[in-house]
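Single-structure report; data block below.
The values are calculated or read from the model by the stated rules, or taken from the named source; none is laboratory data. These numbers were taken from a predicted model, which means no experiment stands behind them. Note: ideal-geometry Cβ built from the backbone for every residue, glycine included; neighbour counts use all protein chains shown.
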């Protein structure tokens, strides 16, 4: 159903299963603090009362904002989280790998624990100090090999943050375009304002996204999830053209399809695909 003011006792009368389903549908990818401050704050209170917040956080539906609580200031927390990722990927994680797991903010706290080099050493990794002329003395071939091996799949912006000196050297030697054409680096799409100004284009892009991502089960994803899959253009368009943000845009999508967001989700995906093709 379309979100609206809830009658008295709405949350208390909802079963655990329905309450969890509601949060997954409307607040997937939200920070816990944002859920708490939303119009569904009574739903948050009911989840808290039933001990469902931890369950939703563990499964990835809600995001704990560890940075705000000082979580990363404690070395034991940094060590535990990094070791968990290391067991999964088999090496000290790159920033993009942390980002995919919702741990990107940990990088900001490396200086508090002695810097990246010290963090690696504490976890048993040998580090080689790179002098100020390390990248300048590297040949084009070696520099390209390094980026292909260590930075594949990163956007140019991510590279500029994770390996700032290497990025500057690539920029100076005019090698970035070659890496983009090769598919090693990703160039972020610049928003085409005349295109996004038209509501029909925004609707078509929203439905196409649902059709291309069956894992969303017909529910338009959160801003955080759109950032994760590289669709900042849609986020910007919604924020500029839809007062009320994502809830309003979700409602608009449902109205254009002639149905509600939670109704018939098993066929909503196919409906979206046919709409885009037509």
Qualifying positions in region 34-61 - touching a strand residue (DSSP E or B) at 6+ places or on another chain (Cβ under 9 Å) and closer than 22 Å to residue 244 by Cβ: 34, 35, 38
Residue match in region 107-123 (condition: surrounded by 12 or more Cβ atoms within 10 Å (Cβ to Cβ), modelled with pLDDT under 80, farther than 23 Å from residue 227 by Cβ and not assigned by TED's automatic domain parsing to the domain that holds residue 26): no
Elements of type helices (runs of 4 or more DSSP H) in region 186-238, at least 3 residues being surrounded by 14 or more Cβ atoms within 10 Å (Cβ to Cβ) and at pLDDT below 85: 199-212, 223-228
Meets criteria (farther than 30 Å from residue 163 by Cβ, within 21 Å of the chain's Cα centre (by Cα) and outside any helix (DSSP H, G or I)) for residue 28: yes
Residues (assigned to a helix (DSSP H, G or I) and buried (at least 16 other Cβ atoms within 10 Å of the Cβ)) located in region 87-103: 95, 96, 97, 98, 99
Count - residues of region 239-253 that are under 17 Å from residue 213 (Cβ atoms) and modelled with pLDDT under 80: 0
Residue match in region 56-76 (condition: more than 30 Å from residue 111 (Cα to Cα), part of a helix (DSSP H, G or I) and modelled with pLDDT of 80 or more): yes
